[in-house]
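Okay, so here's the structure we're looking at.
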Amino acid sequence: MIGARAFRETPRRHAVIKPVPEDDPPLILVAEDNDDNRIIAVALLRHFGFRVIEATNGTDAVEVARSAKPSLILMDVGMPDIDGWTATRMLKGDVSTRDIVVLAYTAHALPSDREQSFAAGCDGYLAKPVEPLRLLSAVREALSMPDV
Amino acid sequence: MDRDILHLIEGFAHELRTPLSALAGHSALLSLGVHGPVSDAQARALDRIESNKKQMISLIDSLVSYAEAMSGTTTYAATECALVPIVSQSIAALDQAALASGVRFDWAERAAAAGYGRDAGEASDSRVNERLRDVATINEHAARDVISILLENALIHSEHGSSVHVCLQRTSQSLRLNIESGARTVVDTALLFEPYARDAHGRPVHASGHALSLPRARAMARAMGAEVRARFVESRRVLEFEVVRSVNPTQSTG
């Protein structure tokens with residue numbers, strides 16, 4: 001649990017990104033129903049060495065998280081069926097998944113969204129649109145992996 | 001502005017931002033080399049995409065902000081703020097744009113007058129007669145926005161090699177920020193606060209991307225109890241912006 005934190009500003013294009021350990025790359029679950037957002041996040045994280053699995057709705061996200069036990073979930077809040085907050089509550093209430101780091105990923109930058117995300121048990125919060133390098137930085141920071 | 005129109009604009013802005021974010025995300029992946037190496041020419045093209053994306057997002061944000069201000073539904077939470085640092089920081093944010101236009105801001109000695117900034121030690125300078133009180137009860141974010149818009153427009157209306165003079169004055173009745181552009185061509189100030197106004201020849205009055213900025217600044221200022229005015233001074237061929245706000249009698253003393 002990393003608690004509420006503000007992520008650093010985006011590193012610029014030519015920032016040196018330290019590679020993810022090749023022998024044991026963290027597994028990330030990208031739970032996002034918007035195709036573009038999901039494709040971008042998945043391509044970015046894979047490019048920088050993470051293993052990535054996907055879910056396109058809340059029910060699948062909970063199921064996949066329980067079976068695959070990822071290190072981190074990038075959780076879209078506005079998914080169909082079970083929303084991201086409910087899915088997070090379910091995972092944080094389950095002893096087998098409660099230690100998975102969850103980053104909420106929301107379309108609105110309202111303070112109430114942020115509060116609701118942390119109330120649901122999310123460990124961090126990202127408001128869309130998120131520039132890819134900022135997303136990468138947030139994931140690395142949440143996993144205590146320095147960028148450089 | 002009708003509340004329904006505001007909701008329409010807000011909803012439409014959200015719908016525009018979604019594909020725009022996707023375009024930006026995909027082009028960022030290309031820039032990062034996620035899909036393979038990028039040539040210099042491709043990198044330049046991607047930079048142009050990025051810069052146009054930023055402009056589009058800024059236009060969308062301006063439209064929403066203008067609609068909110070015009071609808072009268074926005075309330076700006078006010079706290080006591082010192083204006084001199086806000087003006088100084090707004091000027092500093094325009095440093096690069098001023099440099100590119102060959103225009104300089106003349107403001108430092110006023111900042112010294114209030115005891116702020118790098119020239120604070122010069123507060124006893126003979127040009128400065130008394131310590132300026134610059135505190136007003138305003139919304140800092142909105143005030144910063146209004147001041148930035150006026151400074152930016154003053155830059156646009158200044159010719160290369162000229163100066164934009166910025167002055168903050170306080171009387172017992174009001175707090176007044178005066179921004180005077182460097183000399184340029186005649187400006188029809190009646191049209192400056194009209195969104196997307198065109199002159200008698202059908203030409204846009206505003207520089208590209210600025211068609212909403214002054215109307216927005218005026219609406220935001222009014223929502224905070226201030227007034228934004230503009231006048232063209234024929235004799236010196238300068239455009240003068242003024243923001244005036246009455247002060248609370250308890251703040252005006254001392």
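The values are calculated or read from the model by the stated rules, or taken from the named source; none is laboratory data. Just so you know, these numbers come straight off a predicted model, no measurement behind them. Reconstructed Cβ throughout: ideal geometry from the backbone, glycine too, with neighbour counts over all protein chains shown. For the accessible areas, the whole protein counts, side chains as well, though only heavy atoms, and no ligand, DNA or RNA atoms are used. Shrake-Rupley method; radii C 1.70, N 1.55, O 1.52, S 1.80 Å.
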Problem - Heavy atoms of B:Phe12 accessible to a 1.4 Å probe, total area in Å² rounded to 10 - result: 130 Å²
Fill in the blank from the handout: The relative contact order of segment B:162-212, taking Cα pairs under 8 Å that sit 6 or more residues apart, comes to a percentage of 23 percent
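Given a Förster radius of 22 Å and the C-beta distance between B:Asp61 and B:Asp95 as r, what FRET efficiency does 1/(1 + (r/R0)^6) yield to the nearest 0.05? Provide the component values of the computation, followed by the final result.
Values: r = 22 Å, r/R0 = 1.00.
Rounded to the nearest 0.05, the efficiency is 0.50.
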Completion exercise
Per-residue accessible area, 1.4 Å probe, largest first, puts B:His201, A:His47 in the order B:His201, A:His47
Fill in the blank from the handout: Here the net charge surrounding B:Leu155, from other residues whose Cβ is less than 15 Å away from its Cβ (Lys, Arg +1; Asp, Glu -1), is -4
Problem - Nearest-ten-degree value, helix B:140-156 long axis tilted from longest Cα axis of chain B - result: 80 degrees
Problem - Segment B:Gln169-B:Ala82, extension gain: residue separation times 0.36 nm, minus the distance between their alpha carbons - result: 30.0 nm
Fill in the blank from the handout: Between the Cα axis of helix B:3-31 and the main Cα principal axis of chain B, the angle (0 to 90°, nearest 10) is 60 degrees
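Kirkwood hydrodynamic radius (Cα pairs, Å) of segment B:143-254?
Numbers: mean 1/r = 0.0682 Å⁻¹.
Computed over segment B:143-254, the radius equals 14.7 Å.
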Exercise for the section: Give me the angle, in degrees from 0 to 90, between the Cα long axis of helix B:213-223 and the longest principal axis of the Cα atoms of chain B, rounded to the nearest 10. Expected result: 50 degrees
Handout entry: Length-normalised contact order for segment B:1-70 - Cα pairs under 8 Å, 6+ apart - percent
Key = 50 percent
Fill in the blank from the handout: Simple SL model, points at 7 angstrom along Cα→Cβ for B:Leu23 and B:Ala183; separation in nm is 4.2 nm
